[in-house]
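Working notes, beginning with the structure itself.
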Amino acid sequence: MFAAAAFVLPVAVAAQVPPSNAQQSPPSPAGTPATPQTEVDRQSEAYYQFTMGRMYEERYEVSGLAEYAGRAIEAYKRAYELDVHSSVIGERLAEAYARAGRIPEAIAEAEGVLKQDPANLPARRILARIYVRSLGDMESSAGQNEIVEQAIAQYREIVRLDPADSEAELWLARLYRLVQQDNEAEEVLRAALAPRAIDSREPAPQGNSPHSSAAPVWLTSGQRHEVTALLASLVLSTRPVAHQPLREGCRSW
């Protein structure tokens, strides 16, 4: 089975891809090779096609030429045909579809990976990102609510599978807030703080002490909005979150 860790880039493969140049059109692909007959040949061809997909994907990132995105997708598809059980190839194909703006195909590929491996975190993260990005394109509230629920389902699984994923926890809490499920948002944020629970006898983190003392009052008065805002700020102060827009969004709660 295909494994990314086992891959070694052959010099011959690298030589077939020209240096990156934003003004240069991608080379015309060679004709589709005959299907390898032996398992060793199939694996070798899968490695080769996956390598070409990665190289073309990198060219697309640098140049922005849509032709490179198409070449990457075709190479990944060929590799996937040769090794249909490889979740690594499926993940890259779904990501390539997403980057090229071919969202329905990206969703279909990611869901196909999850059918084989429900615990596949990269595929779930691809789906979650797609759903979040799609929210701005929805015109009807009914359609938006459906997308939010799909995103929540993915982030909920991501947090379950990887409790250390702070960004997933914050996205999940934000999505719960978006559909006015403040209790669920509060639970997610409290769970995020659980590994580093603040002892009441210890000084509160810098900048949070006035709000921390107000939390019990907000809880008893039913002001869930203030509680979730407080917890979000505490998560940001105690656990690293690299996603800058997410950090800024949580600060605005």
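Just so you know, all these numbers are worked out from the coordinates, no wet-lab data involved. All figures in this text were calculated on a predicted structure; none of them were measured in a lab. When we count neighbours, we look across all protein chains shown, and the Cβ atoms used for this are built from the backbone with ideal geometry, even at glycine.
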Inset, instruction - Could you list E91, E184, E109 in order of exposure, starting from the residue whose Cβ has the fewest other Cβ atoms within 10 Å? - result: E184, E91, E109
Legend entry - Packing-based order for 58-66, 175-183, using average beta carbon neighbours within 10 Å, highest first: 175-183, 58-66
Inset, instruction - Quote to one decimal, in nm, the extra length available between V62 and R99 on full extension: 0.36 nm per residue of separation minus the C-alpha distance between them. - result: 12.0 nm
Inset, instruction - Provide Rg over Rh for the range 43-160; use the alpha carbon set for both Rg and the Kirkwood Rh (inverse mean inverse pair distance). - result: 1.01
